[in-house]
1. For the range 60-90, which residues satisfy the criterion of being assigned to a loop (DSSP other than H, G, I, E, B) and under 12 Å from residue 6 (Cα atoms)?
2. Quick test of your reading of the structure: residue 10 fulfils all but one of (1) hydrophobic (A, V, I, L, M, F, W, C); (2) at pLDDT 95 or above; (3) not in a loop (DSSP other than H, G, I, E, B). Name the failing condition by number.
3. Scanning the range 98-122 for residues that are touching a Leu at 6+ places or on another chain (Cβ under 8 Å) and of a type in the set (Val, Ile, Thr), which turns out least open to solvent (accessible area, probe 1.4 Å)?
4. Condition first: under 18 Å from residue 92 (Cβ atoms), out of contact with any Pro (no Cβ under 6 Å at 6 or more places or on another chain), surrounded by fewer than 20 Cβ atoms within 10 Å (Cβ to Cβ) and in contact (Cβ under 8 Å) with a residue 60 or more places away in the chain. Can you find one or more residues in the range 4-27 that meet it?
5. Provide a single number: the residues in the range 29-48 that are open to solvent by less than 40 Å² (accessible area, probe 1.4 Å) and under 17 Å from residue 75 (Cβ atoms).
6. Scan the range 157-165 and tell me whether some residue there is over 30 Å from residue 329 (Cα atoms) and of a type outside the set (Val, Ile, Thr).
7. Kindly evaluate residue 30 against the criterion of being in contact with a strand residue (DSSP E or B) (Cβ under 8 Å, 6 or more places away or on another chain) and among the aliphatic types (A, V, I, L, M).
8. Are there any pairs with C-beta distances below 9 angstrom linking a residue in the range 296-322 that is in a loop (DSSP other than H, G, I, E, B) and loosely packed, with under 15 Cβ neighbours inside 10 Å to a residue that is among the charged types (D, E, K, R) and at pLDDT below 95, with the two at least 6 apart or on different chains, and if so which?
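The values are calculated or read from the model by the stated rules, or taken from the named source; none is laboratory data. Here the structure is a predicted model, which means the values were calculated and not measured. Positions of Cβ are generated from backbone atoms using ideal geometry, with glycine treated the same way; all protein chains shown enter the neighbour counts. Heavy atoms of the whole protein, side chains included, go into the accessibility calculation; ligands, DNA and RNA do not. Shrake-Rupley method; radii C 1.70, N 1.55, O 1.52, S 1.80 Å.
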Amino acid sequence: MRIAIVTDAWHPQVSGVVTTYTATIARLKARGHEVLAVTPAEFPTVPCPTYPEIPLALFPGRELRRRLAAFRPEAVHIATEGPLGWAARALCRRGGIGFTTAYHTRFPEYVRLRWPVPLSLLYRGVRRFHAPAVRTMVATDDLHQELAARGFGHLCRWSRGVDTELFRPRDKGYLPGSRPIAMYMGRVAVEKNIEDFLRLALPGTKYVVGDGPARQELEQRYPAVRFVGMKHGEELACHLAAADLFVFPSRTDTFGVVLLEAMACGVPVAAYPVTGPRQSVRDGVNGYLDEDLGRAARRALTLNGARCRESALAFSWESCTDQFYAQLHRITPAEQRAEAPAWAPLRR
């Protein structure tokens with residue numbers, strides 16, 4: 001099948017969304033599917049307000065249409081609610097073409113942390129974005145129930161996975177510092193609630209792996225914490241595996257792929273009992289969930305790394321790709337015959 005995936009989140013960003021689509025696209029191609037990834041890399045961009053590390057495609061409609069016309073997709077999936085996502089949505093709707101979407105990010109909450117916009121208004125906009133989709137994919141049962149309660153329809157499950165070959169137990173001596181080493185890995189931004197980790201009174205050394213708009217300020221405010229910046233590939237996995245504890249302070253993540261990556265490295269997790277962590281963290285097995293994050297961290301340090309690793313092995317990217325493919329909407333012959341000048345260049 002020819003599958004077009006339109007996403008505003010892409011490399012060099014490091015996020016669960018980018019990790020998910022990178023892994024999924026690789027496995028779809030390995031199965032013989034043709035995949036077109038439409039990303040900001042192919043467009044003029046402007047920095048995202050308050051988050052300049054994220055580029056946003058500038059007026060992408062015409063070039064997006066050209067790329068889709070040349071590819072002639074048999075399925076269209078829109079990953080994000082950014083400029084590319086809205087442009088793809090408009091093209092599909094104008095052409096009467098069915099498409100799928102995914103709800104990856106609590107966009108309303110992220111905006112609300114930066115500007116005093118009512119959550120109800122923000123959710124109305126996000127709900128409007130997803131409403132015309134044939135299906136909207138969500139990562140957890142909790143999120144499915146929450147969005148359904150907010151009026152979202154046609155929801156379906158698409159879980160997440162982890163690369164257990166890259167993320168595996170490694171040399172604990174890779175990082176300097178007194179033990180235990182507690183680590184946060186991810187975007188250094190206000191929506192990640194990272195200060196709840198930085199303020200914890202824990203023994204040993206704290207590491208922050210990642211970058212973002214809040215890094216400079218937090219480095220100055222917490223000089224005892226080791227901020228090492230963004231890491232990739234083997235270097236990233238070596239940093240994570242060298243930790244004794246992974247602390248996930250976010251209350252807004254819809255899943256948290258990094259939780260699986262830590263577990264696959266044999267590192268137990270401490271997190272709040274909220275939507276994302278509840279999907280993968282099992283108290284007393286691979287971590288602890290507690291409204292007292294410090295208590296969760298201290299208890300998690302007593303856990304066996306081998307059991308953490310074992311729990312991560314249940315999350316494979318292969319099964320996640322199966323789910324994704326099954327939920328795609330295959331463009332029907334009736335849709336192909338539809339009279340729609342805006343979409344007609346896609347059909348021969």
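1. If the condition is that a residue be assigned to a loop (DSSP other than H, G, I, E, B) and under 12 Å from residue 6 (Cα atoms), then 60, 73, 79, 80, 81, 82 are the ones that fit.
2. Exception for residue 10: condition (3).
3. 100
4. No, the range 4-27 contains no residue that is under 18 Å from residue 92 (Cβ atoms), out of contact with any Pro (no Cβ under 6 Å at 6 or more places or on another chain), surrounded by fewer than 20 Cβ atoms within 10 Å (Cβ to Cβ) and in contact (Cβ under 8 Å) with a residue 60 or more places away in the chain.
5. Summing the residues that are open to solvent by less than 40 Å² (accessible area, probe 1.4 Å) and under 17 Å from residue 75 (Cβ atoms) in the range 29-48 gives 5.
6. Scanning the range 157-165 turns up at least one residue that is over 30 Å from residue 329 (Cα atoms) and of a type outside the set (Val, Ile, Thr).
7. No, not satisfied.
8. Cβ pairs passing all conditions: none.
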